[in-house]
Amino acid sequence: MGDASGSAPRRPPLPRGWRRFLFRLPIRLCRARLGALLGQRFLLLEHAGRTSGQVRRVVIEVVAREDPYGPSWTVASGFGPGSAWYRNLRTTPRATIQVGARRREVEARFLSPEEGGESMGRYAVRHPRVARRLCAFMGFEVRDGSPEEFRRVATSIPFVRFEPAGR
């Protein structure tokens with residue numbers, strides 16, 4: 001298992017079967033115009049498939065909604081850089097997000113490890129138990145739970161910031 005010292009994590013397997021069904025239930029909520037039930041901590045990402053070009057959807061937890069220059073939403077790829085949505089955005093960074101009932105055209109910006117670490121450190125201060133569980137889910141061991149330790153762990157996690165398109 002990975003730890004705060006930076007050793008490689010053992011990423012969780014992609015969900016299959018009933019786990020995949022459960023992971024995808026929030027998408028059905030959003031498509032039924034009930035996305036507001038998920039609050040501001042989750043967003044529905046609609047993006048183009050890198051090979052097919054077809055619209056793909058995934059619900060992702062928001063790590064940060066902070067930007068001094070305007071609205072933005074930062075998310076982490078819990079399954080690592082091999083996640084389909086992450087690879088799709090690498091090919092086509094334009095996408096649409098839905099937060100609550102509001103939809104926005106956005107551009108994906110891939111954060112540096114340091115920027116991702118800072119976002120995770122701030123998230124861990126606001127949601128310490130959830131941050132610890134998320135890190136464990138992603139294959140990282142967090143020992144003391146300090147913001148600095150979360151920052152170090154997060155430098156191995158890919159982060160993406162969604163900013164309004166054309167900004």
Take region 79-91 and flag every residue that is open to solvent by 50 Å² or more (accessible area, probe 1.4 Å) and either closer than 8 Å to Arg50 by Cβ or among the aliphatic types (A, V, I, L, M) (or both). Ala84, Arg87, Arg90, Thr91
Looking at region 110-141 only, could you name the residues that are farther than 15 Å from Gly78 by Cα and outside any helix (DSSP H, G or I)? Ser112, His127
Ser119 fails exactly one of the following numbered conditions: (1) open to solvent by less than 50 Å² (accessible area, probe 1.4 Å); (2) at pLDDT 90 or above. What is the number of that condition? (2)
When every residue in region 132-148 that is within 14 Å of Glu61 (Cα to Cα) and of a type outside the set (D, E, K, R) is compared, the one surrounded by the fewest Cβ atoms within 10 Å (Cβ to Cβ) is Phe137
Does region 59-70 include one or more residues that are closer than 20 Å to Leu134 by Cβ, within 11 Å of the chain's Cα centre (by Cα) and either among the acidic types (Asp, Glu) or assigned to a loop (DSSP other than H, G, I, E, B) (or both)? yes
Please work out which one of (1) closer than 30 Å to Glu148 by Cβ; (2) open to solvent by less than 80 Å² (accessible area, probe 1.4 Å); (3) of a type in the set (Lys, Arg); (4) modelled with pLDDT of 65 or more is the condition Arg19 fails and give its number. (1)
I'd like to know if region 93-106 contains one or more residues that are modelled with pLDDT of 90 or more and either more than 24 Å from Gly49 (Cα to Cα) or in a helix (DSSP H, G or I) (or both). no
Being more than 16 Å from Phe42 (Cα to Cα) and open to solvent by 70 Å² or more (accessible area, probe 1.4 Å) narrows it down to one residue among Arg151, Arg129, Arg65, Arg102; which is it? Arg129
Pairs only if they're at least six apart or on different chains, beta carbon under 7 angstrom, first in region 92-119 and without any contact (Cβ under 8 Å) to a residue 60 or more places away in the chain, second small (Gly, Ala, Ser) and open to solvent by 70 Å² or more (accessible area, probe 1.4 Å); list them, first residue then second. none
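The values are calculated or read from the model by the stated rules, or taken from the named source; none is laboratory data. Note that the structure is predicted; figures quoted are calculated from it, not measured. All Cβ positions, even for glycine, are placed from backbone atoms using ideal geometry, and neighbour counts span all protein chains on display. Ligands, DNA and RNA are excluded from the accessible area calculation, which covers all protein heavy atoms including side chains. Shrake-Rupley method; radii C 1.70, N 1.55, O 1.52, S 1.80 Å.
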